[in-house]
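Below is one structure, written out as structure tokens; comments come after it.
No lab work stands behind these numbers, since they all come straight from the coordinates. Predicted, not measured: the structure shown is a model, and the values here were computed from it.
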Amino acid sequence: MAAALEGDSASYNLLLSEVARWLTRYFARRLPGGAAEDAVQETLLVVHQKRHTYQPERPFQPWLSGIARYKYIDRLRSVDRKPTVFLEDDMFEPAVDGHESRVTSAIVLENLLTQLKPAQRAVIRLVRIEGYSIEEAAAMTGQSQALVKVNIHRGLAKLAAAA
């Protein structure tokens, strides 16, 4: 990305190709087929539009992951806002098995996470949902490792009490 920002078009083309592959895997695990493809294209567009915000002295992957995560959340919110059309049970077969429960769970999770403080929400997403280590989450959020652990513990306790 640093080379692309300096005008190296070959580097930029390679970057977009690699980012597209990563985004395809990222969204394929989270969204049904057509929605995943749309999310990849929308995210690539945002990467292109916001490339000037990338700071070359910082790691690229967390920057990209943040954009992808927000596009994923946007997708979930748009699903939540769309009106529901009820069809007869015998007329409808889900196009993709297993995604309904994933999307429903993701919406419920997002609603639960809104009850937490932003610092708690951020580290729970990074460590418990996205799989980053305590050290990585501390570096990404600017919190100490001890504070990350405390925020995860307190946030999960609050979520357990709410459930």
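In deg cm²/dmol and to the nearest 500, what is the mean residue ellipticity at 222 nm of the chain if only DSSP H runs of at least 4 residues count, each as -39500 (n - 2.57), divided by the residue total?
Details: 8 runs with 111 residues, N = 163.
-22000 deg cm²/dmol, from helical runs alone.
Looking at the chain as a GNM with Cα springs under 10 Å, which of 106, 122, 146 has the largest mean-square fluctuation?
The residue that fluctuates most here is 146.
Mind counting lysine pairs for me in the chain? Cα separation below 28 Å, and the two need to be 8 or more apart along the chain or on different chains.
Close lysine pairs under the 28 Å cut-off: 11.
Fully extended, how many nm does the chain gain between residue 22 and residue 2 (0.36 nm per residue separation, minus their Cα-Cα distance)?
Working: separation 20, 0.36 × 20 = 7.20 nm, distance 1.84 nm.
Result: 5.4 nm gained on full extension.
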